[in-house]
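The values are calculated or read from the model by the stated rules, or taken from the named source; none is laboratory data. As the structure is a prediction and not an experimental result, all values here were calculated from the model. Positions of Cβ are generated from backbone atoms using ideal geometry, with glycine treated the same way; all protein chains shown enter the neighbour counts.
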Amino acid sequence: MSAIYILWLRELRRYTRSRVQILASLGQPVLYLVALGFGMGAVYRQAGRGSYLQFVAPGVIAMTVLFSATFSGIALLWDRQFGFLKETLVAPVPRVFIMLGRTCGAATVALMQGCLVAIVCVIAGFRPANLALLPEGIAFLALIALVFAGLGTTVGSSLKDMQGFQMVMNFLFMPIFFLSGALYPLDHLPAVLAAVTRVDPLSYGVDGLRSALIEQAHFGPTVDATVLVILAATFIGLGAWRFSRIEV
């Protein structure tokens, strides 16, 4: 278990040592928040839906956690390419402990970045509907981070170069974000698009986060939490299996 803690701590140190990385992690979410939150606000109000900033802020926070957590796959490929992973794998501990430490570290970093973006959203004018539900919102952020850190580890363990991971990002993770309902409501969608959103794992994360922050839910918080827990266990299990088969 000490190996899990050491690798978890290593991932945290990798993030906190770089102020540039911390600032860069805020760039894309702030762009979405400003360009969409304020740019689409008038159109959203005219449709009778209220404040678009209130609606889109949970989606932007979830987006931050998604991309931060999945980039754990790039960190894995980087360590593999430059030999750092080999030094870790020769340690006399089970590989599953190494994988769990890295995954939990990546999820913790993603959670921290999501909380930073949440603070930026509050500065921009977002207001949670019920402060008593903030712990529930943090719990949903943690579940999103675990799901996609596990998925990032699975993908990173299955590839051998960073170029391949970039292709996966474009063909897998970008559609996951845009089809999750982070930027638009899930009700009254065409049948095909509605079916796709139901198989998108981030849809349940965004919906759970909205239920906690603005008390609006499409699936319901119980369904959201159940699906995310199952997916987190599944992806972490797949990640452990793929990581155990890495050859360096």
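Listing for the model above:
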quantity	calculated
Candidate set: segment 119-133, residues that are touching a residue at least 60 places away in the same chain (Cβ under 8 Å) and not in a loop (DSSP other than H, G, I, E, B); chosen: the one surrounded by the fewest Cβ atoms within 10 Å (Cβ to Cβ)	Ala124
In segment 104-116, residue nearest to the chain's Cα centre (by Cα) [restricted to those that are surrounded by fewer than 24 Cβ atoms within 10 Å (Cβ to Cβ) and of a type outside the set (S, T, N, Q)]	Leu111
Scope segment 135-153; condition touching an Asp or Glu at 6+ places or on another chain (Cβ under 9 Å) and of a type in the set (Gly, Ala, Ser); matching residues	none
Unique residue being aliphatic (A, V, I, L, M), within 21 Å of Thr226 (Cα to Cα), in contact with a Ser or Thr (Cβ under 6 Å, 6 or more places away or on another chain) and surrounded by 23 or more Cβ atoms within 10 Å (Cβ to Cβ) when the list is Ala145, Ala149	Ala149
Among (1) crowded, with 22+ Cβ neighbours inside 10 Å; (2) over 18 Å from Leu133 (Cβ atoms); (3) at pLDDT 95 or above, the one test that Gly181 misses	(3)
Conditions (1) of a type outside the set (Lys, Arg); (2) closer than 30 Å to Leu131 by Cα; (3) touching a residue at least 40 places away in the same chain (Cβ under 8 Å); (4) in contact with a Pro (Cβ under 9 Å, 6 or more places away or on another chain): number failed by Phe235	(2)
Any hit, segment 138-145, residues being farther than 15 Å from Gly208 by Cα and under 14 Å from the mean Cα position of the chain (by Cα)	no
Odd one out for Ala225 among (1) free of Cβ contacts under 8 Å to residues at least 40 places away in the same chain; (2) under 19 Å from Pro58 (Cα atoms)	(1)
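Here is a yes/no grid of residues against (1) modelled with pLDDT of 80 or more; (2) buried (at least 18 other Cβ atoms within 10 Å of the Cβ); (3) among the polar types (S, T, N, Q):
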residue: Leu26; (1), (2), (3): no, no, no
residue: Val43; (1), (2), (3): no, no, no
residue: Gln46; (1), (2), (3): no, no, yes
residue: Phe55; (1), (2), (3): yes, yes, no
residue: Gly59; (1), (2), (3): yes, yes, no
